[in-house]
Amino acid sequence: MKYLLQGIGVLSNPGYRRFIFIPILANIILFGVITTFMWGVFSDTIGWALDWLPSWMDFVSWIMWPIMVSIFLIIYGLSFSFITNIFAAPFNGLLAEKIQREEGIILPEGESLSSVISRTLVREFQKLGYFIWYGLWVAIGLMILSWIPLVNLLVPVIAFLWGAWCLAIQYLDYPADNHQQSFKDLRVDAKKPMFQTLSFGGCVALLMMVPVVNIFVMPVAVAGATRFWVRDIYHADGIRDVSQQR
């Protein structure tokens, strides 16, 4: 939570306002589309699941409701974040870069805007592939666990932890990519302060689940994640110059 609060403090400075306007505008446009679509999917899914249950298993419905609502909120938050980040990725990268330079991090000079856009979009789809591939395995495991009495109560917890990890990696990757740290190395380094990583991602996840509030979370999460990367990952990794990673 402290890094999200620091992110709000950073963005309150006038020099950062130009990095915030377009991402928030994209969020506002996508908010109605994503929210309407996800609500329709949830209504259809919960209706199908309850109709599928035989009458003698009606008692299970009171367990399924909170589980499915929890999972839906997590999926909603993740979907909103991932989709909006595809459109706002170049601006998020530039925002992270400005914070990194002010923190004294040495980054490559003279990169054109077109290069920044292509690099961040390629990285964004690399992350998306990771989230989808491992997310499918997590979903299969959760589906199996959801049919085991008592154990199924852990399903929302596991789903939330997976979502927290994904969101932490999503936003930590902007400063990591600017510093030419590979996506694989970032995932390894993010596990070193695992509690802090999941705490940060968990706070972002909770905010992403709240309609309207989630419109404004992205730039705060980028700023907070950049501070987190600089203070707890970059220094902990001992990397002092981009040239050392090549």
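Coordinate-derived values only; no laboratory data. Source: prediction; values computed, not measured. Here the Cβ positions follow ideal geometry from the backbone for every residue, glycine too, while neighbour counts run over all protein chains shown.
Calculate the spin-label point distance for VAL213 paired with LEU128, positioning each point 7 Å from the Cα along the beta-carbon direction, and give it in nanometres.
2.7
What ranking do 82-95, 121-134 get when scored by the average of other Cβ atoms within 10 Å per residue, highest first?
Values: 82-95: 21.9, 121-134: 14.9.
Packing order, densest peptide first, comes out as 82-95, 121-134.
Could you tally the net charge around TYR16, taking each other residue with its Cβ under 11 Å from the Cβ of TYR16, Lys/Arg +1 and Asp/Glu -1?
For residues surrounding TYR16, the net value is +2.
How much length would be gained if the chain were fully extended between SER182 and ILE158, taking 0.36 nm per residue of separation minus their Cα-Cα distance, in nm to one decimal?
Details: separation 24, 0.36 × 24 = 8.64 nm, distance 2.66 nm.
Result: 6.0 nm gained on full extension.
Figure the gain on full extension for LEU121 and ILE8 (residue separation times 0.36 nm, minus the Cα-Cα span) and round it to one decimal in nm.
Numbers: separation 113, 0.36 × 113 = 40.68 nm, distance 2.52 nm.
Once the chain is fully extended between LEU121 and ILE8, it gains 38.2 nm.
Give me TRP229, TRP147, TRP39, TRP162 sorted ascending by neighbouring Cβ count inside 10 Å, so fewest comes first. Don't skip to the end; give the middle numbers.
Numbers: TRP229 31, TRP147 10, TRP39 13, TRP162 22.
Ranking TRP229, TRP147, TRP39, TRP162 by Cβ neighbours within 10 Å, fewest first, gives TRP147, TRP39, TRP162, TRP229.
Please report how far the C-alpha centroid of the range 122-151 lies from that of the range 158-235, rounded to the nearest whole angstrom.
Rounded to whole Å, the Cα centres lie 18 Å apart.
On full extension of the chain, what length is gained from LYS192 through MET1, given 0.36 nm per residue of separation minus the C-alpha to C-alpha distance? Display every interim value, and only then the final one.
Details: separation 191, 0.36 × 191 = 68.76 nm, distance 1.81 nm.
That works out to 67.0 nm of additional length.
Can you pull the one-decimal nm distance between simple spin-label points at GLU103 and ILE86, each 7 Å off the Cα toward Cβ?
Rounded to a tenth, the inter-label distance reads 2.8 nm.
Taking R0 as 51 Å, what FRET efficiency do you get between VAL151 and ILE22 from their Cβ-Cβ distance, rounded to the nearest 0.05?
Details: r = 45 Å, r/R0 = 0.88.
Calculated transfer efficiency: 0.70.
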